[in-house]
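A short worksheet on the structure shown next.
The values are calculated or read from the model by the stated rules, or taken from the named source; none is laboratory data. Since we're looking at a predicted model, the values are computed, not measured. Every residue, glycine as well, gets a Cβ built from its backbone with ideal geometry; the counts of neighbours run over all protein chains shown. Side chains are part of the model used for accessible areas, which takes the heavy atoms of the whole protein and leaves out ligands, DNA and RNA. Shrake-Rupley method; radii C 1.70, N 1.55, O 1.52, S 1.80 Å.
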Amino acid sequence: LNVELINTGSELMLGRVLNTHQQWLCRRLADLGLVVTRQVAIADSSAEIKNAVAESLARADLIITTGGLGPTSDDLTRELIAELLGKKLIQDANVLRDIENYFARRNRPRPAQTRVEAFVPEGAMVLQNKNGTAPGLAMKIQSNAQSPKSKVQWLVMLPGPPRELRPMFDELVAPLLKRELVAEKFVCRTLRTSGIGESVVQEKIEMELQPLVLRGLEIGYCARPGAVDVRLSARGANAKKIVAAGEKIVQKNLAANIFGFDDDEMENVVVKLLTQKKKTLALAESCTGGLIANRITNVPGASEIFRGGIVAYSNAAKEKILGVRAEILKNFGAVSEAVAREMAVGAREKFGADFSVSVTGIAGPGGGTVDKPVGTVFICLVSESKSEVRKLLNVWERETFKQVTAQQVFAWLIRMISA
Ligand code: ATP
Ligand code: MG
């Protein structure tokens with residue numbers, strides 16, 4: 001199947017908004033077995049939109065557009081596509097009522113301009129928007145109904161704001177595509193690993209997976225800061241069996257490194273494990289600047305397990321707030337095993353947590369020495385029974401350095417808590 005994605009929005013072309021729909025929709029579609037063949041981003045201009053949609057109509061089985069369904073003068077998608085397909089726009093009483101309700105619930109009068117959002121191209125399916133006003137639209141297009149070349153195409157229009165588009169896709173579009181377009185069974189499973197490079201990951205599984213590859217298994221690797229994903233997929237009647245057999249092999253060979261599946265993030269796994277074990281966590285962060293606490297608190301339910309964290313960036317903060325001894329700081333320096341240990345012990349006591357983690361390191365670009373080059377990090381993990389320090393060398397620019405260090409902390413925590 002030929003799948004094309006058209007992202008509209010002048011703000012994308014000006015670099016003012018990151019085109020997250022491109023990644024998000026491609027990922028979701030791939031999970032359904034629908035791999036996007038072409039994606040374009042274009043400005044909100046009628047000529048651009050018309051050209052792009054006309055071009056895609058000449059090729060694709062499924063076309064998805066994003067943006068331009070709102071009420072302002074730069075929102076042109078609905079009208080242009082109706083015009084292109086020679087469909088009349090008809091006011092839909094249900095949609096108008098939904099829009100009115102949307103504003104009524106917020107105690108606001110409905111702006112007159114929003115009435116355009118209630119116009120629906122003849123024959124289009126309305127995708128209700130629970131998180132906004134402009135509904136999405138799905139159209140089944142049957143070209144040359146009489147000719148043997150007749151083919152069915154689907155055109156789906158989604159609203160621009162991610163918080164509107166994402167639930168709409170998951171709740172309404174994915175089931176529609178499964179029903180109408182995904183003929184063959186498709187199964188995919190992603191195993192997420194940490195603490196191991198992508199080439200080693202491949203080395204450890206590739207050979208053993210070969211027989212399954214011959215039976216249709218596809219293997220994909222994706223390296224990210226501090227994690228490598230292995231994606232297994234297959235199509236057809238045996239898809240489920242083949243992927244399950246592949247998963248077993250990957251599990252067996254990479255067991256120590258697998259932290260989760262599909263959309264699992266490490267912080268979610270940490271929160272889940274701590275919740276299950278009814279244990280709590282405290283943090284003392286220096287060089288990660290609160291990133292670990294930030295990621296933990298992105299997880300719903302974090303309050304069950306997260307006692308608190310301190311960003312102790314200066315020596316004074318390490319000393320006064322976490323109780324790191326002055327002579328330890330003086331003798332060993334802020335980036336040292338001894339300081340890491342005292343930071344973690346201090347945080348664990350202050351917050352009364354079961355586990356605590358501390359991080360202290362040299363993010364660079366300045367501040368490195370021969371003994372402690374830029375990238376040096378000490379991580380300390382303290383539990384009821386032990387305190388352990390690891391020294392690592394993360395040579396990256398500052399932001400990646402923080403990300404990678406946080407990944408290492410999470411990976412270690414996961415191992416420690418599961419043990
Ligand atoms: P609205 O009713 O809000 O006008 P719309 O369907 O007309 O919605 P747009 O006007 O194109 O959509 O986009 C609205 C906002 O949604 C943009 O300002 C932008 O913040 C966000 N947005 C649009 N397209 C994308 C995209 N491809 N990736 C990420 N965000 C996007
Ligand atoms: Mg708009």
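Side notes on the structure shown:
- Residues located in the range 130-167, provided they are under 22 Å from the mean Cα position of the chain (by Cα) and either open to solvent by 10 Å² or more (accessible area, probe 1.4 Å) or away from ligand 2 (no atom under 16 Å from the Cβ) (or both): LYS130, ASN131, GLY160, PRO161, PRO162, ARG163, GLU164, ARG166, PRO167
- Contact map, the range 73-85: first residue free of Cβ contacts under 8 Å to residues at least 40 places away in the same chain and farther than 18 Å from ALA58 by Cβ, second residue among the polar types (S, T, N, Q) and within 9 Å of ligand 2 (Cβ to nearest atom), Cβ cut-off under 7 Å, separation 6 or more or different chains; the map is empty.
- Restricting the first member to the range 348-363 and to residues that are in contact (Cβ under 8 Å) with a residue 24 or more places away in the chain and over 11 Å from SER387 (Cα atoms), and the second to residues that are among the acidic types (Asp, Glu) and crowded, with 24+ Cβ neighbours inside 10 Å, the beta-carbon pairs closer than 6 Å and six or more apart or on different chains are VAL359/GLU285.
- Here ALA118 passes the criteria (1) within 21 Å of ALA54 (Cβ to Cβ); (2) in contact with a strand residue (DSSP E or B) (Cβ under 8 Å, 6 or more places away or on another chain) except the one numbered (1).
- The strands (runs of 3 or more DSSP E) falling completely within the range 201-306 that include 1 or more residues that are of a type in the set (Gly, Ala, Ser) and over 26 Å from ARG27 (Cα atoms) map to 281-285.
- Evaluation of TRP396 against (1) within 23 Å of the chain's Cα centre (by Cα); (2) crowded, with 18+ Cβ neighbours inside 10 Å (one fails), failing number: (2)
- Scanning the range 127-153 for residues that are among the hydrophobic types (A, V, I, L, M, F, W, C) and under 12 Å from LEU96 (Cα atoms) yields one hit, ALA134.
- Checking each residue of the range 93-110 against the condition of being under 28 Å from LYS178 (Cβ atoms), of a type in the set (A, V, I, L, M, F, W, C) and loosely packed, with under 15 Cβ neighbours inside 10 Å gives no match.
- Considering the range 57-81, and only residues there that are among the small types (Gly, Ala, Ser) and away from ligand 1 (no atom under 16 Å from the Cβ), the residue that is nearest to the chain's Cα centre (by Cα) turns out to be ALA60.
- Scoring LYS386 on the criteria (1) in contact with a Cys (Cβ under 9 Å, 6 or more places away or on another chain); (2) open to solvent by 40 Å² or more (accessible area, probe 1.4 Å) leaves a single failure, condition (1).
- The residue list GLY333, GLY289 contains one member that is more than 35 Å from the chain's Cα centre (by Cα) and modelled with pLDDT of 95 or more, which is GLY333.
- The residues listed here are GLU337, GLU327, GLU285; of these, the one that is in contact with a strand residue (DSSP E or B) (Cβ under 6 Å, 6 or more places away or on another chain) and open to solvent by 50 Å² or more (accessible area, probe 1.4 Å) is GLU337.
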